[in-house]
Every structure is written in structure tokens, then in C-alpha cells.
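Written out below as C-alpha cells is the structure these notes cover.
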Amino acid sequence: MAYVITAPCVADYSCLEICPVNCISPGPADEKFGSAEQLYINPKTCINCAACVEACPVLAIYEDDNLPKKYKHYAEINKEYFEQDGATAARV
Amino acid sequence: MYALEHLLEERSLDIQIDLYERLPVPWGLVRFGVAPDHPEKKLVADRLFNYFLGHRNVRFFGNVTVGKDVSHSELAEWYDGVIYSVGANSDIHMGVEGEDLKGSWAAREFVAWYNGHPDFSGLDFDLSCKRAVIVGNGNVALDVARILTMPIEDLKKTDTADYAIEALSNSNIEEVVILGRRGHLQGAYNNPELEELAHLEDVKVSVESDGFLPTGNDSDPAFSASSWEARRKVKMLEQLVQNSPADPRKHIVFKFLASPIELQGSDSVEQIVVGHNKLEADDQGNLKAKATDQRSSLETGLVLRAIGYRGNAFPGLPYDEQRGVIENIDGRVTDNSVPLKGTYVTGWIKRGPQGIIGSNKQCADVTVKCLIEDGKNGVLETANTLSADAVTSKLAERNIKTVSEQGWRKIDHFERSAGLAHQQPRRKLYDVNKMLDIATGEATA
């Protein structure tokens, strides 16, 4: 169970600012931020508080069970982001 | 707007902010750049920017041209600090013969046109040819390709300007070729933009690139050496090619390792000569595109260059010609590296035209931190700063028809109501005089 950031994400990072457990990456201090296509939620550390859902100005965040058909693959994409070499779940 | 956010967030100070905008309407590229089929991205205005604009410490002065109605030196006097976030209003040229032929445009102009920007609404795009060629393969290129190929029924439900919907309904364009200088592993588009092409009804996608296979590109060593995002893009290209519709209505062709050499035609463009590139590793082992002598030709009547926006010089401010930005260090405007007191920049006119909407939030954070620091260190010139009422008087003396926040809300309401009747989120106004009439309440709805 986790929340998932999908295609509309514009890297506004309001979600990251409100997340109580730092599970969203990359943050504005991360060197990857400038080239990031979107932000990602680490499904291993997300506690399902859903604070990010309303904080997101573009409504890009869904509960993984409730992903619309066209965004279903984003659950795997959010997970994969954190499985890359050198990826970190912590906000730098 | 992000600069507003960071200024308002500074709770140790009670900062009053006046927002000047040349057009009667705010939001910049969120209104005029983001593609009409990305309504969720435009929500950033309704769900976020809206609240900053409406904050009691903020005043909106629309329809005021800085550099004409009021000068930079006046603003520098009237206010403790001035932040410029005017964006990038020009573009990078291809630098090839025939670039100025009729039918050759900047994608920037096409985007502003279909998004109803008042300065571009009168442009005449000839969509009667069968093939359009886009030079460059970033997100703007893909936005344009989608708008040129999406079903008109879908276009009619967006906030695309009505004259553009009309023109696109009568378009003869069947094929859109997107030229990329580098290979299929170096596509500049982002993954979400690429995968959207799969949702375009009855649109076939093809890929022309050395070494690109319809499937199994993972066995290429260059593939494994690429970033996660780049590998996902190639897999998506494979999917797009494999899932092409049986009876396509339109065709999008990704032509990699291709550069424009010349545009040819009598008075308007009739064909584009394309040079083929090859990838070669440089001394550091990085793959670079190198030109070859190979040439081919594509018949086309519409060439849109999408190889980058570029910032213009701003009256009264030092310009960095090489980077196409207002000269600055971390957002503090400098003249030959000497800071100009109280003058700042943020966004594309500071960093260059790159990144997505949220990149500007981090950018503005850096700029505002510099401004606040300067304020606390007594660097800002506050001696002649005017009161809010004094500013209003100054502007009134000059007979400028400013648009207030209330005026913008009237325009906003008018557009949304007009949209309701057509199942569109809004029906955009694009005539400045009409906007002013609505804003000042002189028109009947």
C-alpha cells in the first residue's frame, strides 16, 4: 500500500514539504532535481497518511489501489526510481 | 508566482508585493505555454497561484508595460526591491538557408497562437500541406505534434483558442516528422510526454534511427549504459511502434540523427533538406552526433523549429548575450559582475529556458533568499520607497488602464462561463481591448 505520483506532476514539491516521513524524491536540494521528469514516492517508506494528495497543486497523486487505467504503470515507476544505483529515499 | 510564494512565506517580515504584468491576464506560460491537452498542469494556477494573487499583501497591476508605462529606474525607486520574472520571449534559430521562408516558424509562435496569446492570435499558419516537420524533439516538439494530430472532437473540449480549433479542423496535415539531431537514446522529450502519444486515437508512430529495433533494444550496450529515464523512453518507443493502429488517421515519425540543412521553396517552404548524423564517442567516451555527407529531402509546407526558447534583453537591465538572460549571480542582477542594488531575477530570464513548472519554485527560493538577506544587511535602498497609495497615484497620473485582481477575476469568470456552453474549461479572450472592457466592467457579458 502506498501513494503514487503520476504524469501531471510538475515537480512543485509541495508534497515533499508536507510529507511527515521524507519519502518523496528528488528534493530541491538534490542535484537530480533540475533534470527530474517528476517526483516519486518511495512505496517502502510511505505511511499512507495522504497529506500529499491535497497538497499537490495538480492532483497528480493517487492511492495505488485507485490509479486510473492510464496511470496504472506509475506504481511500478515510483518503485523503480528508488531501486536505481545510488538512489536514496532520504531528502538530501 | 513562486517568488510571491517565497516572499509571503517569510514570516519574520510583513512584505507587501505589487505584481506587474504586461498583459491584462496573469500566469504567463501556465496560461500560454502548457498544452491545452494538459489541463491538470494548468490546475497549478487555480489550486495554488490563485491564493498568492488573492493574498491581502499582494496587488495585481495588469496591462502595465515595464520599460514603457513605467521604467526600471522608477520601480527601483518606488520599491525596496524589484524581481523580474519576464521569461524567455525569443527562440533559437536553426541558422540555415531558407529559414525565413513563409511557412517556417518557431514552435514558440505556434504554441502561443493556439493558446490564444493576444500578440500571436493574428498569425496565419498555412496548414494545407500534407506534412509538417518539427525540428527538435523536446517536450514542446511533442506538444505541437499532439495538437497537429489529435482528433478535432478532443481538441474542441480543451481551452485551445477558437480560431485555432477552426484552423486545425481544416488542416490537411497527415504526417508530422520530428527531427532529432542525436540518436534514439538521446531523445530530449520526457517519458510522460512520450507515452501520451499512445493515447492519441488512430495515430501511427514510426521511428527512423540507426540501430533502432522494433523490439529488443536492451541488447545494445549503449542501452545498458544509459540512464533509467533514457531506457524507459526507448522501451516506450518500441511499444508505440508495436501498437500502431491498423488504419491510422495520422502519422508521427521520429527521425533521429537528422539535422536541418536547408529550407527550399519559391516564396514559401516546399521542402527541407535533411543531413544525416552518426554517433561517435569523444575522448571521454560520450556519444556525440557528428554530421555526415548523407542528405535526403522531405516535402513540407510547415516547418516548426523547437530547439529552444531564448531570453531577450530587458530595457534598463544588463543583458548576458551569450546565455540569453539578464546578467545575474544567484538571482542578484549584476552589471559586469557588480550587483545592481535591489534588482533581482527569477525563472527563465535568470536561468535560461529549462526545466518544468516546479523548477521555478526552487529557482525563486534562491532569489528570494538573496533579497531577504540583502534586506536584513541593509543593502536595499528604502529611502524613497513609496506607500501603496502613492504607487496607485503615480500609475493613475499616467492614465494607464491597469487591471486589478478583481478585473482579472471578471475576465476569468467571463471565459469560464463562455466555456460552459461549449464543454470547454474556458473560452479564451485574445483581444486586449475586449479583456479591458470586461475587467473594467464596461461590457455586457
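The values are calculated or read from the model by the stated rules, or taken from the named source; none is laboratory data. Being a predicted model, the structure only gives us computed values, none of them experimental. Backbone-built Cβ (ideal geometry, glycine too); neighbour counts: all protein chains shown. Each accessible area value is taken on the protein alone, full model and side chains, heavy atoms only, with ligands, DNA and RNA left out. Shrake-Rupley method; radii C 1.70, N 1.55, O 1.52, S 1.80 Å.
Couple of notes before you dig in:
- Longest segment of chain B lacking GluC sites (Glu not before Pro) that sit in a DSSP loop with at most 10 other Cβ atoms within 10 Å: B:1-320
- Angle between chain B longest axis and helix B:388-397 axis [Cα atoms, degrees, rounded to 10]: 80
- Cα convex hull of the stretch B:183-328, projected area averaged across orientations, nm²: 13.1
- Å³ per residue enclosed by the Cα convex hull of chain B: 167
- Surface share of carbon and sulfur [accessible, 1.4 angstrom probe, percent] for the stretch A:17-92: 52
- Rounded to the nearest Hz, the phi-derived 3J(HN,Hα) couplings of the stretch B:250-264 under the Karplus curve 6.51 cos²θ - 1.76 cosθ + 1.60 (θ = phi - 60°) are 9, 9, 10, 10, 8, 10, 8, 6, 9, 10, x, 10, 7, 9, 10, where x marks glycine and proline.
- The base-10 log of I(q)/I(0) for the stretch B:304-445, evaluated at q = 0.18, 0.20, 0.21 Å⁻¹, reads -1.13, -1.13, -1.14 [Debye formula, identical scatterers on Cα atoms, solvent excluded].
- Largest accessible area first, the listed residues B:Thr292, B:Thr367 line up as B:Thr292, B:Thr367 when surface is computed with a 1.4 Å probe on the assembled protein chains.
- For chain A: relative contact order, % (alpha-carbon pairs under 8 angstrom, 6 or more apart): 43
- If the Kirkwood radius is taken over C-alpha pairs of the protein assembly as shown, then at 37 °C and 0.692 mPa s the Stokes-Einstein diffusion coefficient equals 132 µm²/s.
- Computed magnitude of the charge dipole of chain B (debye, nearest 20; Cβ of K, R +1, Cβ of D, E -1): 600
- From the Kirkwood radius over Cα pairs of the stretch B:400-441, Stokes-Einstein at 4 °C and 1.567 mPa s returns a whole-number translational diffusion coefficient of 125 µm²/s.
- Exercise: per-residue mean of other protein chain Cβ atoms within 10 Å, A:9-16: 6
- The listed residues B:His72, B:His93 rank as B:His93, B:His72 when sorted by accessible area, largest first, using a 1.4 Å probe.
- Rounded percent of accessible protein surface that carbon and sulfur make up, the stretch B:152-235, 1.4 Å probe: 46
- Probing with 1.4 Å while keeping every protein chain in the model, the per residue accessible area of the stretch B:284-382 equals 50 Å².
- Contact residues in the stretch B:346-378 by the 30 Å² criterion (accessible area, 1.4 Å probe, full protein complex versus chain alone): B:Ile356, B:Gly358, B:Lys361, B:Gln362.
- Calculated [θ] (222 nm, deg cm²/dmol) that DSSP helices of n ≥ 4 give over chain B, each run adding -39,500 (n - 2.57): -8500 deg cm²/dmol
- Computed 3J(HN,Hα) for the stretch B:148-164, one whole-Hz value per residue from the Karplus formula 6.51 cos²θ - 1.76 cosθ + 1.60 where θ = phi - 60°, is 6, 10, 6, x, 4, 4, 6, 4, 5, 9, 9, 8, 4, 4, 4, 5, 6, glycine and proline marked x.
- Rg/Rh for the stretch B:33-102, where both radii come from Cα atoms and Rh is the Kirkwood radius: 1.11
- Using the Stokes-Einstein relation with a Kirkwood hydrodynamic radius computed over Cα pairs, the translational diffusion coefficient of chain A at 25 °C and a viscosity of 0.890 mPa s comes to 191 µm²/s.
- Reciprocal mean inverse distance between Cα atoms of the stretch B:1-76 - Kirkwood radius, Å: 13.8
- Helical content alone sets the calculated 222 nm signal of chain A at -4500 deg cm²/dmol, taking -39,500 (n - 2.57) per DSSP H segment of four or more residues and averaging over every residue.
- Out-of-range pairs (alpha-carbon distance over 27 Å; input B:Lys288/B:Lys369; A:Lys69/B:Lys157; B:Lys41/B:Lys341): B:Lys288/B:Lys369; B:Lys41/B:Lys341
- Amide hydrogen proximity for A:Tyr40: with H placed 1.01 Å from N in the peptide plane, the residues at 5 or more positions away or on another chain lying under 5 Å are A:Ser25.
- Pairs exceeding a 28 Å alpha-carbon distance, out of A:Lys32/B:Lys42; A:Lys72/B:Lys42; B:Lys250/B:Lys361: B:Lys250/B:Lys361.
- Neighbours of B:Asp365 by Cβ distance under 13 Å: Lys/Arg scored +1, Asp/Glu scored -1, total -3.
- Long-range amide H partners of B:Glu262 with built H, under 5 Å: B:Val273
- Cα long-axis angle, helix B:228-242 against chain B (0 to 90 degrees, to the nearest 10): 50
- Dimensionless Rg/Rh of the stretch B:68-163 - Kirkwood Rh, Rg from C-alpha atoms: 1.09
- B/A buried area, accessible surface, summed, 1.4 Å probe, Å²: 2200
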